[in-house]
Amino acid sequence: MSKSLSTLLLALNRNKLLLTIALLMVGVIIIPIPASAGPPTERVFRVEASRFAYSPSILSVNPGDRVVIELVATDVVHGLTIDGYGLEIVGDPGQTARLTFLADRSGSFRFRCSATCGGMHPFMIGKLQVGQGIFYWRGAALTILLAAGIALRDKR
């Protein structure tokens, strides 16, 4: 096979690959977002608070779920306030405090300690994830596809 023919075939294959990447990007953008991951349920989390962390520190729920947080402070008084929801709970050492609410806002929300518990108190944070984080994954997929397209284009 001559050099010019192999170069032409390589360019055609590269163009097909770039077209495939472009079509995948369009697909990632226009595929509908699922309405729900399932019917709303009650989700109960036992969250232990100790200097200076929550366990578990990430709570994942679906929109519409009824969320119950049972806060147990293991050492000193700790609180838990959820940004974006305006909810707060305070737990005394060794006792369980309960907070119940409806996860009616999708997104990622920080929760933090609302009772000064020591020097590292400002860093005692966690995350409430309501929904599947679909926009994050779409953004990641688009970034990967775009990077692949740029890498192929620059090989010309």
Some residue of the range 79-89 being surrounded by 16 or more Cβ atoms within 10 Å (Cβ to Cβ), under 20 Å from C117 (Cα atoms) and charged (D, E, K, R)
no
Among the residues of the range 51-61, is any exposed (fewer than 13 other Cβ atoms within 10 Å of the Cβ) and assigned to a strand (DSSP E or B)?
yes
Please count how many residues of the range 88-118 are outside any loop (DSSP other than H, G, I, E, B) and not polar (S, T, N, Q).
15
Do we have I69 as assigned to a strand (DSSP E or B), touching a Phe, Trp or Tyr at 6+ places or on another chain (Cβ under 7 Å) and either under 19 Å from E48 (Cβ atoms) or touching a residue at least 24 places away in the same chain (Cβ under 8 Å) (or both) here?
yes
Going through the range 119-136 in order, the residues found to be exposed (fewer than 14 other Cβ atoms within 10 Å of the Cβ) and either at pLDDT below 70 or part of a strand (DSSP E or B) (or both) are I134, F135, Y136
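The values are calculated or read from the model by the stated rules, or taken from the named source; none is laboratory data. Just so it is clear, the model here is predicted, and its values are computed rather than measured. Virtual Cβ from ideal backbone geometry, glycine too; neighbours counted across all protein chains shown.
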